[in-house]
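What follows is a set of notes on a single structure, which appears directly below.
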Amino acid sequence: MAWFHRHTALDTSLALRVSVAAALLMVACSDRPEDFAPRFERALRSGQHGPVIALLSRASRPLVQAMWASQSPASRPFELGHDAQPIEVLGVQPGEASVVLLVKAGGKPRQWALVHEDGAWRLDLMGTWAHRPDIL
């Protein structure tokens with residue numbers, strides 16, 4: 001009987017480790033740069049700053065908050081609410097410290113630099129502007 005309990009415990013332990021590894025792999029595979037665009041579009045359509053700010057890189061957040069604080073609508077980087085334009089993913093180009101997400105937003109092709117921070121892809125405005133300053 002001791003043999004059965006010892007082998008059952010080992011099998012259970014192995015099964016648990018395999019299950020945890022599979023779950024981690026599924027989570028890692030679900031975090032693709034392409035998944036950023038629909039999350040960002042939903043955040044824009046929410047009409048609130050908080051969900052959009054959460055999808056920006058740490059370095060980009062103060063910049064966007066300052067732009068939104070400006071009284072000039074021309075200086076605001078994104079339209080919020082129902083007027084937000086649909087975002088279509090065209091492709092992904094890997095880079096050294098980031099990836100470039102090729103999208104069509106507002107009827108125009110754009111290139112957004114995404115960085116992986118805190119377990120999620122986030123829009124990096126400085127990296128984006130480094131590629132082309134007119135692509136937001």
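The values are calculated or read from the model by the stated rules, or taken from the named source; none is laboratory data. Here the structure is a predicted model, which means the values were calculated and not measured. Counting neighbours? That spans all protein chains shown, and the Cβs are built from the backbone with ideal geometry, glycine included.
In segment 97-110, which residue that is surrounded by 15 or more Cβ atoms within 10 Å (Cβ to Cβ) and at pLDDT below 90 is farthest from A84 (Cα to Cα)?
S98
So V92 passes all but one of these: (1) in a loop (DSSP other than H, G, I, E, B); (2) touching a helix residue (DSSP H, G or I) at 6+ places or on another chain (Cβ under 8 Å); (3) modelled with pLDDT of 95 or more. Which condition number does it fail?
(1)
Select, from F4, F78, F40, the only residue that is among the aromatic types (F, W, Y) and modelled with pLDDT of 75 or more.
After ruling out the rest, the residue left standing is F40.
Identify all residues within segment 43-72 that are of a type outside the set (A, V, I, L, M, F, W, C) and either in contact (Cβ under 8 Å) with a residue 12 or more places away in the chain or in contact with a Pro (Cβ under 8 Å, 6 or more places away or on another chain) (or both); write none if there are none.
Correct list: R45, S46, G47, Q48, H49, S57, R58, S60, Q65.
Against the condition among the charged types (D, E, K, R), within 14 Å of F40 (Cβ to Cβ) and either loosely packed, with under 13 Cβ neighbours inside 10 Å or at pLDDT 95 or above (or both), how does R132 come out, does it pass?
no
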